[in-house]
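S.K.: Just dropping this structure here.
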Amino acid sequence: MEGLVSYGINPIRVTAITKQRSRFLLQSQPNLTKGVSGFQIEVVNKNKKKQFSPLIMAAAVGNSQVGHFENTLPSKEILELWKNGDAVCFDVDSTVCLDEGIDELAEFCGAGKAVAEWTARAMGGTVPFEEALAARLSLFNPSLSQVQNFLEQRPPRLSPGIEELIQKLKANRKHVYLISGGFRQMINPVASILGIPKENIFANQLLFGSSGQFLGFDENEHTSRSGGKAIAVQQIRKDHGYKALTMIGDGATDFEARRPGGADLFVCYAGVQLRQAVAAKADWLVFNFQDLINSLG
């Protein structure tokens, strides 16, 4: 989940997720074609069947930097860190899941437009994450019953390949964590599907009164404030003494975890949101989790 702090990052929304070409699977070849919704990457597999990737963008060519990144093919050193590391931390919104949780909850509660407008204004300047989070929640003050109804009516939409990737990581005896600026109430079901223990979740907590009324959020959580994801990763590393740790996410708050004492490797997942400034700085840029799966051997 990307915070509201302005990083000068212009996200490109990616939709209609299906499998793309993997750099480790050579039986498919992509071709840029123009469809009714914009430009698409047409993939022709070895059986001559056509598929369309999620890269449906208004600016897939021209001024866009798509296709000009130099970090989509990892170096030998990057691959060794990925394969031999003993822990992987995932962002949740727009990475493990297709949606931004707070925006979906706001829309469900009838405040989607108001939250979106506030978000748009906030992105124009520097706003601490904790301030932005409080402001957005105050626009709709979700009750406990509303959150429960939301969870029942709108189950998590997982990104393609994430279940297989996490199964492969666990089979390779790697520890998996979820680190999010979203809310535990909405992330716990995701963790349950993926078989990730609750103690491996670092996220925010919505607070409710005895009658289920909204009271706010727990400000003691690392991820409730700016720089919190980096602190969470550093704590994980310190507590468990991992030799090598990877952070996977789509935003600048995820990239922040790539610092001394934190993540050794930052993988930018751009299968839902492509934030070009973040993608350009990543150790490894992937548009499909299959690339990560295949490289584990």
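Just so it is clear, none of the values below were taken in a lab; they were calculated from the coordinates. Since the model is a prediction, treat every value here as computed from it, not as a measurement. Reconstructed Cβ throughout: ideal geometry from the backbone, glycine too, with neighbour counts over all protein chains shown.
S.K.: With the cut-off at 20 Å, tell me which of the pairs K76/K281; K174/K281; K168/K281; K83/K243 have Cα atoms farther apart than that. Display every interim value, and only then the final one.
M.R.: On the way: K76/K281 18 Å; K174/K281 25 Å; K168/K281 26 Å; K83/K243 12 Å.
Pairs exceeding 20 Å: K174/K281; K168/K281.
S.K.: Let me ask another. Over the stretch 142-297, one equal point on each Cα, no solvent: what is log10 I(q)/I(0) by the Debye formula at q = 0.09, 0.13 Å⁻¹?
M.R.: Rounded to two decimals, the profile gives -0.32, -0.66.
S.K.: Which length gain, in nm to one decimal place, applies between N220 and F208 when the Cα-Cα distance is subtracted from 0.36 nm times their residue separation?
M.R.: Values: separation 12, 0.36 × 12 = 4.32 nm, distance 1.56 nm.
Roughly 2.8 nm would be gained on extension.
S.K.: I would also like to ask the following. Using 1/(1 + (r/R0)^6) with R0 = 22 angstrom and r between the beta carbons of E164 and E199, what's the FRET efficiency to the nearest 0.05? Please report the intermediate quantities before stating the final value.
M.R.: On the way: r = 24 Å, r/R0 = 1.07.
Working from the Cβ atoms, E equals 0.40.
S.K.: Which distance in nm do the two modelled labels at L139 and R173 give, with both placed 7 Å along the Cα-to-Cβ direction?
M.R.: Roughly 4.8 nm, to one decimal.
S.K.: What are the trypsin sites (Lys or Arg not before Pro) within the stretch 143-180 that DSSP puts in a loop, where the Cβ has at most 14 other Cβ atoms within 10 Å?
M.R.: In loop regions of the stretch 143-180 (DSSP not H, G, I, E or B), the sparsely surrounded trypsin sites (Lys or Arg not before Pro) are R157, R173.
S.K.: Order by neighbour count: E256, E221, E117, fewest other Cβ atoms within 10 Å first, most last.
M.R.: E117, E221, E256
S.K.: Starting from the Cα of L296, step 7 Å toward the Cβ, then list every residue of the stretch 194-238 with an amide N under 16 Å from that point.
M.R.: 194-197
S.K.: Within 10 Å of each residue's Cβ, count the other Cβ atoms and sort R237, R259 from fewest upward.
M.R.: Working: R237 21, R259 13.
So the ranking, lowest neighbour count to highest, is R259, R237.
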